[in-house]
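The values are calculated or read from the model by the stated rules, or taken from the named source; none is laboratory data. Computed from a predicted structure; not experimentally measured. Glycine also receives a Cβ, built like all others from the backbone with ideal geometry; neighbour counts cover every protein chain displayed. When the accessible area is computed, the model is the full protein with side chains, heavy atoms only, and any ligands, DNA or RNA have been set aside. Shrake-Rupley method; radii C 1.70, N 1.55, O 1.52, S 1.80 Å.
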Amino acid sequence: MTSVPGLGRLRQSEIYRAGVLGRRPAVPTDFAELERRAREASSAKAWAYVAGGAGEGRTMRTNRAAFDRWAVVPRMAHGQATRDLSTELLGRRLDSPVLLAPVGAGALMGRDSDVQIARAGAATGTPYVFSNQGCNPLEQTAAAMGGTPWWFQLYWSTDEALVDSLIGRAEDAGASALVVTLDTTTLGWRPQDLNLGSLPFSRGLGIAQYTSDPRFRDLVRQRVAAVRDGTLPESDVVITLGAIRSLLSITREFPGRFLDNLRSPEPRAAVETFLDIYSNPGLSWAHLETLRERTRLPVVLKGILHPDDARRAYDVGADAIVVSNHGGRQVDGAIASLDALVTIREEVGDEPTVLLDSGIRTGSDVFTALALGADAVLLGRPHLYGLALAGQRGVEEVVRNVLAELELTMALTGAADLASVTREMLVPNPSA
């Protein structure tokens with residue numbers, strides 16, 4: 001019987017054959033070098049927002065330390081020559097258990113970020129969770145996905161009509177699931193951004209889902225009218241070089257012709273409106289209970305870390321949860337997502353669908369997460385780093401490298417498919 005080379009060997013062969021011609025991969029194949037080179041390619045503000053974490057960065061470090069506490073135990077002479085990475089998730093068959101996580105203001109790392117990431121997702125068969133704080137309208141991004149499934153992330157606004165409008169647009173554009181992010185009802189303490197006085201949304205970056213939304217545009221027009229008739233005071237503006245640069249950025253990012261936008265009060269009003277209403281600090285389980293009446297899409301609740309919250313999520317009708325500490329960006333000193341996954345899976349049992357986000361860097365990490373109970377994982381910062389280095393191609397290479405290492409790890413442990421990746425393949429790391 002002739003065996004077909006798996007993803008790992010095919011990726012290795014591709015790289016080594018190109019190396020004979022003197023060509024190297026567009027992005028490094030190890031995370032440390034990928035991160036180093038992405039930092040060199042990024043502005044200080046971009047790096048602070050994408051790579052930064054909450055407080056002293058303890059949660060980011062803990063996310064990685066949690067993976068180091070587990071060791072994979074390879075098995076020999078298992079005779080398993082092929083691997084199947086496919087999985088079923090929320091009623092859809094996927095090529096692999098890896099999805100591209102939503103990361104706001106991706107244009108900090110490359111223009112048309114959402115479209116480039118979507119094209120990479122389509123090219124690799126990898127679902128993409130569109131960010132509610134994206135830089136391209138969801139309809140435009142959806143067109144770039146082809147037949148590859150995509151999900152839409154929702155930040156729950158203080159304006160309920162806007163919530164419904166965003167859900168309706170996601171449904172109409174073909175989303176396969178609605179992912180409600182729960183852990184960002186207010187921004188965490190992020191010193192890297194604060195030290196630069198930098199919030200991308202205040203410069204018009206990351207609000208394309210809003211400025212393309214009819215309900216939001218109506219709110220903007222209402223704000224402009226209220227300022228004109230004196231019922232809402234006009235914000236004071238101090239003319240500085242920074243203020244001029246911010247105005248130009250806001251004008252450039254707003255839909256329409258630049259010169260028309262420069263004369264219009266709407267671009268600036270859109271930023272102010274967004275900052276007022278984008279997230280609801282009073283978000284409650286009562287809000288979430290209404291989702292089953294508001295959408296026909298499968299509902300995924302993201303940001304769960306406590307077993308009680310996991311049980312409550314399923315009680316209010318969630319089809320899946322994402323165990324996540326927002327990549328360490330919200331609470332300094334929070335529990336590692338991987339540690340929370342272990343506890344939550346033990347509490348809820350094998351049946352409910354559970355995904356993991358935060359700390360995933362490599363294919364080996366994906367293997368560990370699956371072995372500890374994740375049905376799939378979301379890959380965040382690495383694909384943004386690939387975008388910074390080589391655009392769409394950079395994202396594709398990051399995804400292919402992660403999947404190649406996952407497949408090779410399965411090959412070296414005797415796992416024929418994802419169902420075979422079990423906790424018995426791990427032990428607490430004696431060296432940790």
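Table for the structure above
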item: Unmet criterion (only one of (1) buried (at least 21 other Cβ atoms within 10 Å of the Cβ); (2) in a loop (DSSP other than H, G, I, E, B)) for Glu56; result: (1)
item: When residues of the stretch 19-53 are limited to those that are among the small types (Gly, Ala, Ser) and either assigned to a loop (DSSP other than H, G, I, E, B) or open to solvent by 80 Å² or more (accessible area, probe 1.4 Å) (or both), the one nearest to Gln192 (Cα to Cα); result: Gly52
item: Subset of the stretch 413-429 (residues that are hydroxyl-bearing (Ser, Thr, Tyr) and part of a helix (DSSP H, G or I)); result: Thr413, Ser420
item: Neighbours by Cβ (under 8 Å, 6+ apart or cross-chain): first from the stretch 12-31, among the aromatic types (Phe, Trp, Tyr); second surrounded by 14 or more Cβ atoms within 10 Å (Cβ to Cβ); result: Phe31/Arg361; Phe31/Thr362; Phe31/Pro382
item: Condition met for Ser264 (surrounded by 13 or more Cβ atoms within 10 Å (Cβ to Cβ) and free of Cβ contacts under 8 Å to residues at least 24 places away in the same chain); result: yes
item: Selection within the stretch 127-147 - of a type in the set (S, T, N, Q) and in contact with a strand residue (DSSP E or B) (Cβ under 6 Å, 6 or more places away or on another chain); result: Ser131, Asn132, Thr141
item: Members of the stretch 392-404 found to be farther than 11 Å from Thr362 by Cα and open to solvent by 10 Å² or more (accessible area, probe 1.4 Å), listed by number; result: Gln392, Arg393, Glu396, Glu397
item: Strands (runs of 3 or more DSSP E) wholly inside the stretch 65-163 containing at least 1 residues that are open to solvent by 30 Å² or more (accessible area, probe 1.4 Å), acidic (Asp, Glu) and more than 30 Å from Glu272 (Cβ to Cβ); result: 87-89
item: Every residue from the stretch 359-385 that is open to solvent by less than 10 Å² (accessible area, probe 1.4 Å) and within 15 Å of Val103 (Cα to Cα); result: Gly359, Ile360, Val377, Leu378, Leu379, Pro382, His383, Leu384, Tyr385
item: Condition check for Phe254: within 30 Å of Ala313 (Cβ to Cβ) and either open to solvent by less than 20 Å² (accessible area, probe 1.4 Å) or touching a residue at least 24 places away in the same chain (Cβ under 8 Å) (or both); result: no
item: Residues that are surrounded by 15 or more Cβ atoms within 10 Å (Cβ to Cβ) and in a loop (DSSP other than H, G, I, E, B), drawn from the stretch 173-186; result: Gly174, Ala175, Ser176, Leu182, Asp183, Thr184, Thr185
item: From Ala286, Ala269, Ala334, Ala318, residue being open to solvent by less than 30 Å² (accessible area, probe 1.4 Å) and either without any contact (Cβ under 8 Å) to a residue 12 or more places away in the chain or not in a loop (DSSP other than H, G, I, E, B) (or both); result: Ala269
item: Residues (open to solvent by less than 50 Å² (accessible area, probe 1.4 Å) and of a type in the set (Lys, Arg)) located in the stretch 416-429; result: none
item: Candidate set from the stretch 189-214 (those that are open to solvent by 70 Å² or more (accessible area, probe 1.4 Å) and either touching a strand residue (DSSP E or B) at 6+ places or on another chain (Cβ under 8 Å) or in a helix (DSSP H, G or I) (or both)); member that is nearest to Ala51 (Cα to Cα); result: Gln192
item: Options Leu94, Leu100, Leu34: the member that is within 22 Å of Val366 (Cα to Cα) and touching a His at 6+ places or on another chain (Cβ under 9 Å); result: Leu100
item: Qualifying residue in the stretch 277-296 (condition: more than 20 Å from the chain's Cα centre (by Cα), closer than 30 Å to Ser202 by Cα and among the β-branched types (Val, Ile, Thr)); result: yes
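Residue-by-condition table, conditions (1) β-branched (Val, Ile, Thr); (2) in a helix (DSSP H, G or I); (3) crowded, with 23+ Cβ neighbours inside 10 Å; (4) touching a helix residue (DSSP H, G or I) at 6+ places or on another chain (Cβ under 6 Å):
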{"position": "Asp339", "(1), (2), (3), (4)": "no, yes, no, yes"}
{"position": "Leu356", "(1), (2), (3), (4)": "no, no, yes, yes"}
{"position": "Leu387", "(1), (2), (3), (4)": "no, yes, yes, yes"}
{"position": "Leu406", "(1), (2), (3), (4)": "no, yes, yes, yes"}
{"position": "Ser431", "(1), (2), (3), (4)": "no, no, no, no"}
